[in-house]
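Written out below as structure tokens is the structure these notes cover.
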Amino acid sequence: MHLHDHDETNAPHQEKEHRPTERDAHLSQGVEGAQPPLETTGAHEGRRHKVAAGIYAIYETAHYGIREMGAGRTVHTLLKLNQKDGFDCPSCAWPDPDGERHIAEFCENGAKAVASEATTKRLTPEVFARHPISELIRCTDAQLELMGRITQPMIRRDGSDRYEPISWDEAFALIGRELRALKSPCEASFYTSGRASNEAAFLYGLFARQFGTNNLPDCSNMCHESSGTGLSETIGFGKATIRMDDFASADAIFIFGQNPGTCHPRMLTELQRAARNGCRIVSVNPLIESGLRRFRNPQKPLELLSPGTEMACLFLTVRVNGDLALLKGLMKAMLEEDDRTAGRVLARDFIEHHTEGFDAFARDLHSESWEAIVEHSGISREQIVEAARIAMTSERMICTWAMGITQHKNGVANVQSIVNFALLRGQIGRKGAGLCPVRGHSNVQGDRTVGIWEQMSPEYLKALGAEFHFSPPMKHGLDTVCTIEGMHRGTIRVFVALGGNFLAATPDTNYTSEALQRCALTVQVSTKLNRAHLITGRQALILPCLGRTEIDMQASGEQFVSVEDTMGVVHMSRGVNPPASEHLKSEPAIVAGIAHATLNGRTTVDWLGLVENYDRIREHIEHVVPGFTQYNARVRQPGGFYLPNEPYQGKFKTASRRAKFTVHAIPEHGLRDGQLLLTTLRSHDQFNTTIYSENDRYRGIAHGRRVVFLNPDDVDRLGLHRDEWVDLIGHFEAETRRAERFKVVPYEIPRGCAAAYYPEANVLVPIRNAADKSNQPASKSIVITIEPARTDAAH
Ligand code: SF4
């Protein structure tokens, strides 16, 4: 492949070309172009970095920043990242400190996300003209990422193999025509990625509902839907119940199914502070991840040459989806000890006055056998009791978790088991104690708060209708899984994505690819090219938007947007760099443009007037969404403001005003001989679906991503050997799916388990295998077998 694909310059509007790398010659086309291309030489195993961050993180930050932005722009931009007068990190949703901030208040991965957005490379219409889509799909995801910022609206016309430029007015008019031509508004679906600001998301939800549908899927459907569902049912509140400073007060922290060193790296700073205060940190995860072994804080120069702080004191390497069994074991040990000590373990007073369902819960635990717990968790009874002892002696315990908990058929049950665990000793609503689902994308929580959900409450919809003088549809809309199924069936004809890489983020890649191609029109609001732009509907639009790092100038002057972090702090974000192109629009302006062109006389909303000054949007949010009183004033306070959080104050918003104990069975996978349970995971050089490079230094992987991590005993048992190329065969009901060409890497992972990176392994995630109640795809418990690769290197 000869790809000359971007402009690289410090002057935002000029062109330069990207030279192909040697690796280009080794690539071959992925299955139908929907999946990343196969690798021929593949990954190398090298030294694993077992201490997180430190000098290497500083080197990587500087290297990536200077390569993408140049030295001056790197310094100028990063000094405003996560500052009170700067812009919010577009990567994960980890909060900023409430008080003083460090001059470098970011991590390596946040810096990479910023460099990726603030890159000086440009993907101009000329580059699109040189490369047909059939050629672009042969690029890896990392190569697409490196092509730079899209500078103009582009259209793929019906039957064409190329994108060509289109004016904003024509693009908006086309969307309006296609939407109005639908037989029903419910033939459209409006997806949101977690990068969208509160202002953009609120307008987007308003538009969808004025158009006539609640089809508002979002990326939360795929990451923490099980958390929201599980928490809402049991404590009446779907978010974290702690604040950042609780970490410093905790004396025990249990981290379930989460890899903070890669996915939320600044969390390590809080964990380090806690560890130094004597807090005992327990990691529950199939893999031992470097960030929880040792950490050298790059913000502290004196630490850089030290051995680093020891983080977790105990690693429980559960089997994939063994968490629920383990939690039952922890709680059973606590109950047994409580019986032995005549009630000195459990918070009996709290249980009696603030919870319900304890008796049934306790009966279930008493009847659960230790054999089943040990068998399904993969953890010995002695280790479980050791961990339980930490919980039993903790006065202030925090439980955090991420997608290792939520992305299972029993994801909601997993979350509710963590709630049970916390309730036993009343570890909610006290200083240094509580629950914390850690969100993966910067404003995924805020988007939901302001109205992005297919199931918003009747109260919200009524308030929205009253504010804008219309009758919103009350019927629930479609989530992500149902949207994909609708597209596949042909009942969703127009798909609009406000940000994100839908094809890479979603399950069942080939099925989703077919689904997208059955649409009449697909629209992506984006900053950079990704695979979702290459597998499209009959017609496709790319609408390029401003990034977080960029100055947003509207008719009334420079604007800022606002976002909500994982602990419910709403704060402003103001870009500092000139836009990547004079043709970009802000996300609120794009939404308003689509609404204005689509709704015509069917709306009394002054869409274009709203985006002249975002204060007007925030005034409406204040009237519709509880907790936003004096939004415009409070969001201007340095650091923003906390949204109301009743469980933080020890109050539960359930109907009974009590927290609920719940009963859950240990999940059974019924693996047959030769079958393994595969979890997907991300590499260290990856943020969600954005791939910065093909390295993962914490796991010792370099120059490739198609690897499968297996226990050495399983490698022997299955007759495999290190570096062998294999195919992964997914089994779900009577269906099989194949992910081709993964290199075998023996690794410390429990027997019977396997791990591979997403999105490469997403092809194995069945669309219909989703969590009970939350419908979140079960991307972390995939039944597979392994076969020799059927495609050779020459393919
Ligand atoms: S921890 Fe998350 S929010 Fe903070 S700088 Fe890193 S990636 Fe960005």
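Conditions (1) surrounded by 24 or more Cβ atoms within 10 Å (Cβ to Cβ); (2) more than 23 Å from the chain's Cα centre (by Cα); (3) outside any loop (DSSP other than H, G, I, E, B), marked per residue:
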position	(1), (2), (3)
R705	yes, no, no
D713	no, yes, yes
H731	no, yes, yes
F742	yes, yes, yes
A755	no, no, yes
K780	yes, no, no
R790	no, yes, no
Discussion item. Taking the criterion of being out of contact with any Phe, Trp or Tyr (no Cβ under 8 Å at 6 or more places or on another chain), within 16 Å of the ligand (Cβ to nearest atom) and of a type outside the set (S, T, Y), would at least one residue in segment 230-240 satisfy it?
Written reply: yes
Practice prompt. Output the residues belonging to segment 308-350 that are within 19 Å of T400 (Cα to Cα), in a loop (DSSP other than H, G, I, E, B) and of a type in the set (A, V, I, L, M).
Written response: M311, V318, V320
Worksheet item: So how many residues does segment 585-618 have that are surrounded by fewer than 24 Cβ atoms within 10 Å (Cβ to Cβ), under 22 Å from T151 (Cβ atoms) and of a type in the set (D, E, K, R)?
Response: 1
Item to complete: Tell me which residues, restricted to segment 440-478, are under 25 Å from G404 (Cβ atoms), away from the ligand (no atom under 16 Å from the Cβ) and among the hydrophobic types (A, V, I, L, M, F, W, C).
Response: I452, W453
Discussion item. Quick check on my filter: what residues within segment 139-192 are more than 30 Å from R67 (Cβ to Cβ) and part of a loop (DSSP other than H, G, I, E, B)?
Written reply: R157, D158, G159, S160, D161, I166, S167, A181, L182, K183, S184
Worksheet item: What number of residues in segment 688-703 are within 20 Å of A778 (Cα to Cα) and either touching a Cys at 6+ places or on another chain (Cβ under 7 Å) or surrounded by 24 or more Cβ atoms within 10 Å (Cβ to Cβ) (or both)?
Response: 1
Worksheet item: Taking the stated definitions as given, is A171 over 30 Å from P472 (Cα atoms) and surrounded by 21 or more Cβ atoms within 10 Å (Cβ to Cβ)?
Response: no
Worksheet entry | From R293, R266, residue being at pLDDT below 95 and away from the ligand (no atom under 16 Å from the Cβ) | R293
Discussion item. I'd like to verify a number: residues in segment 229-251 that are crowded, with 24+ Cβ neighbours inside 10 Å, touching a Ser or Thr at 6+ places or on another chain (Cβ under 7 Å) and not β-branched (V, I, T), how many?
Written reply: 1
Worksheet item: Within segment 174-192, can you find the residues that are more than 32 Å from the chain's Cα centre (by Cα) and surrounded by 14 or more Cβ atoms within 10 Å (Cβ to Cβ)?
Response: R180
Item to complete: Determine whether segment 675-689 contains at least one residue that is over 24 Å from the mean Cα position of the chain (by Cα) and over 30 Å from V561 (Cα atoms).
Response: yes
Fill in: Filter result (touching a helix residue (DSSP H, G or I) at 6+ places or on another chain (Cβ under 7 Å) and either of a type in the set (F, W, Y) or within 21 Å of G228 (Cβ to Cβ) (or both)) within segment 655-673
R658, A659, K660, F661, T662, V663, H664, P667
Item to complete: With respect to D85, determine if the residue is within 30 Å of K239 (Cα to Cα) and more than 16 Å from the ligand (Cβ to nearest atom).
Response: yes
Discussion item. I'm trying to understand the selection: among the residues of segment 91-116, which are under 18 Å from S562 (Cα atoms), more than 7 Å from the ligand (Cβ to nearest atom) and out of contact with any strand residue (DSSP E or B) (no Cβ under 9 Å at 6 or more places or on another chain)?
Written reply: P97
Worksheet item: Residues of segment 656-703 being assigned to a loop (DSSP other than H, G, I, E, B), acidic (D, E) and under 23 Å from T41 (Cβ atoms), which ones?
Response: D685, E694
Discussion item. Of everything in segment 464-493, what is more than 14 Å from L516 (Cβ to Cβ) and acidic (D, E)? Give them in sequence order.
Written reply: E467, D479
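Does segment 543-558 hold any residues that are within 25 Å of the chain's Cα centre (by Cα) and closer than 11 Å to N577 by Cα, and which are they?
Across segment 543-558, the qualifying residues are L546, G547, R548, T549, E550.
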Worksheet item: For residues in segment 447-465 being of a type in the set (V, I, T) and either assigned to a helix (DSSP H, G or I) or at pLDDT below 95 (or both), which is surrounded by the most Cβ atoms within 10 Å (Cβ to Cβ)?
Response: V450
Item to complete: Inspect segment 734-755 for any residue being in contact with an Asp or Glu (Cβ under 6 Å, 6 or more places away or on another chain) and aromatic (F, W, Y) and give the result as yes or no.
Response: no
Discussion item. Residues that are acidic (D, E) and either under 24 Å from the mean Cα position of the chain (by Cα) or modelled with pLDDT under 90 (or both): list the helices (runs of 4 or more DSSP H) wholly contained in segment 43-138 that include at least 2 such residues.
Written reply: 54-69, 108-117
Discussion item. Being farther than 17 Å from L718 by Cα and not acidic (D, E) is the requirement here; does I749 meet it?
Written reply: no
Worksheet, complete the sentence: Reported set for segment 413-436 where residues are within 16 Å of T355 (Cβ to Cβ) and assigned to a loop (DSSP other than H, G, I, E, B) is L424, R425, G426, Q427, I428, G429, R430, A433
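The values are calculated or read from the model by the stated rules, or taken from the named source; none is laboratory data. What you see is a predicted model, and the numbers here were worked out from it, not measured in a lab. Heads up, the Cβs are rebuilt from the backbone with ideal geometry, glycines too, and the neighbour counts pull from every protein chain shown.
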